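Here is the structure we will look at.
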Amino acid sequence: MSSLLEKTLANIGPLDQTAIKQAKERLDNLTKPLESLGVLEDLAMQLAGITGNPMPQVGDKVVLVMAGDHGVAAEKVTCFPQEVTQQQITNFIRGGGGISVMTRHVGARVECVDVGIAAHLDYPGLIQKKVALGTKNMAKGPAMTREEAIRSLEVGIEVAEDQIRRGATLIGTGEMGIANTTPSSAILAAFSGLPVRCIVGRGAGINDTMLRHKTAIIEQSLAVNQPDTRDPIDVLSKIGGLEIGAIAGVMLAAAAHRIPVIIDGFISGAGALIASRIEPQSRNYMIASHNSVEPGHNILLKLLDLEPMLQMKMRLGEGTGAALAMNLVEASCKMIHEMATFAEAGVTKQEI
C-alpha cells in the first residue's frame, strides 16, 4: 500500500458526536414542530459531525468528473463506441454536457480528470492524471495491475486534496467512461453475493439481447478473475475501472479532511463501495444524492446503509445527481443558520 493511501486512511476518524449533539439541540429549538424537516435535519447533523461545526456552512462546491475507458467494451456490452468518452469529456469542459448545466445551475465548479482515457488527449482545462490507456478486458483477465489500482486511488486523493486546498467545502463525484456500468455491476455482484441478473441494468440503453450478453460477460469476468472480497483493492484491480478507483480515492480523501462528499449514481456508488470496504468509517462522510434507475443502485445503497434524497428516474451519471443534491445540502445549512429559535421569535414552543 502506498504511503499516500496509508496516510489518508490513518486520518479517517469517527464523526464529531459533540457537534452532532449541539446541532440537534439547535434544530430542536427552531420554530417548527420537532423533526418536521426530516432529511434536512439529518443532513445538518451529519454535516456538523463531519466538519466538527454545530453550525455547518457550505462555501465552494465542486463536482469531480473522473474519466476512464474499459477494455471490456471490446465485448460489445454497450451501444456507444469507446471514443465517446473523450468526446464527452471535451463537451463537459466546453460547457455543453448535462453536468455542465447542472453545476452552473447550483453554482458549483466542474473539474474533469483523465485517469484512464484510451487516447492521449491534450485539451485545455482537462486535469492530466492518466494511469493507463484504459483498463484491460476483464472478461479475459484482470482489468489492471494492483499497482495501477492503487495509483487510481491516489489520483482521486491527489485531486480531492488539491480542490480542498483551493477551498472546496462540498465535493460531488462524477464519471465518464463508456461501458463503466459493466465493471460497476461486477463490483456490486462480488460484494453482495447476489446473482448478476439481479443487478445488471441497461446502462446507456441496450436492448434485451445485449442485456443478456452483458450479464454473461460479467459472469465470465467474475469466474475468470475470482476477486477476493476480503481485499477491496484486489476487487478493484480485477474487475474495476480506473475512474472508479479515483472516485473511491476522492471519498477517502474527503473523509480524511472532514469534507462532505456526495455520491452520484451507480458508478459513483461502486467507487463508494470500494472506499467503504477499504475504510468503513469513510461511509459516514458520504451523502447519497439520488436513486438511479439502474437496478443495482438501490442494492448498492442498501449495502452502504445510505438513503438517497432524490427519486428522479435518472441514469445519466456524470455527477448530475450529485450536483442537484448540492442545493439540498445548502438548504440544510441555511435552515440551521437562518431559522429563528422559539426564544428568538417569541413563539411558544410545543409541549412534549
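Would you say Phe92 is among the aromatic types (Phe, Trp, Tyr) and touching a helix residue (DSSP H, G or I) at 6+ places or on another chain (Cβ under 8 Å)?
yes
Could you tell me which of the residues Ile267, Ile247, Ile218 is touching a Ser or Thr at 6+ places or on another chain (Cβ under 6 Å), assigned to a helix (DSSP H, G or I) and farther than 20 Å from Gly116 by Cα?
On the way: Ile267 fails: farther than 20 Å from Gly116 by Cα; Ile247 fails: farther than 20 Å from Gly116 by Cα.
Criteria check complete, one pass: Ile218.
I want to confirm something. Restricting to the range 57-113 and keeping residues that are of a type in the set (D, E, K, R) and touching a Ser or Thr at 6+ places or on another chain (Cβ under 6 Å), which single residue is nearest to Gly201 (Cα to Cα)?
Only one residue tops the list, namely Asp69.
Residues Arg283, Arg258: which one is surrounded by fewer than 23 Cβ atoms within 10 Å (Cβ to Cβ) and assigned to a helix (DSSP H, G or I)?
On the way: Arg258 fails: assigned to a helix (DSSP H, G or I).
Matching residue, one of Arg283, Arg258: Arg283.
Of everything in the range 143-158, what is part of a helix (DSSP H, G or I), open to solvent by less than 10 Å² (accessible area, probe 1.4 Å) and aliphatic (A, V, I, L, M)? Give them in sequence order. Please lay out each step first, then the result.
Within the range 143-158, the subset part of a helix (DSSP H, G or I) is 146-158.
Then drop every residue that is not open to solvent by less than 10 Å² (accessible area, probe 1.4 Å), which leaves 149, 152-153, 155-157.
Across the range 143-158, the qualifying residues are Ala149, Leu153, Val155, Ile157.
Can you tell me which of Val224, Val235 is modelled with pLDDT of 95 or more and farther than 26 Å from Ser282 by Cβ? Quick ask: steps written out before the conclusion?
Values: Val235 fails: farther than 26 Å from Ser282 by Cβ.
Among Val224, Val235, only Val224 is modelled with pLDDT of 95 or more and farther than 26 Å from Ser282 by Cβ.
Within the bounds of the range 98-121, is there any residue that is surrounded by fewer than 18 Cβ atoms within 10 Å (Cβ to Cβ), at pLDDT 95 or above and under 28 Å from Thr215 (Cα atoms)?
Within the range 98-121, one or more residues are surrounded by fewer than 18 Cβ atoms within 10 Å (Cβ to Cβ), at pLDDT 95 or above and under 28 Å from Thr215 (Cα atoms).
If I ask for residues that are open to solvent by 20 Å² or more (accessible area, probe 1.4 Å) and either free of Cβ contacts under 8 Å to residues at least 24 places away in the same chain or closer than 13 Å to Pro183 by Cα (or both), which ones from the range 125-134 would you list?
Correct list: Gln128, Lys130.
May I ask you to list pairs of residues, at least six apart or on different chains, whose Cβ atoms are under 7 Å apart, with the first in the range 228-239 being open to solvent by less than 40 Å² (accessible area, probe 1.4 Å) and in a helix (DSSP H, G or I) and the second being among the basic types (Lys, Arg) and modelled with pLDDT of 95 or more?
Pro232/Arg277; Ile233/Arg146; Ser237/Arg146
Restricting the search to the range 159-184, which residues are more than 15 Å from the chain's Cα centre (by Cα) and either among the polar types (S, T, N, Q) or part of a loop (DSSP other than H, G, I, E, B) (or both)?
Selection gives Gln163, Arg166, Gly167, Thr169, Ile178, Ala179, Thr182.
The values are calculated or read from the model by the stated rules, or taken from the named source; none is laboratory data. This structure is a prediction, so every number in the text was calculated from the model and none was measured. Reconstructed Cβ throughout: ideal geometry from the backbone, glycine too, with neighbour counts over all protein chains shown. For accessibility, only protein heavy atoms count, side chains too; no ligands or nucleic acids. Shrake-Rupley method; radii C 1.70, N 1.55, O 1.52, S 1.80 Å.
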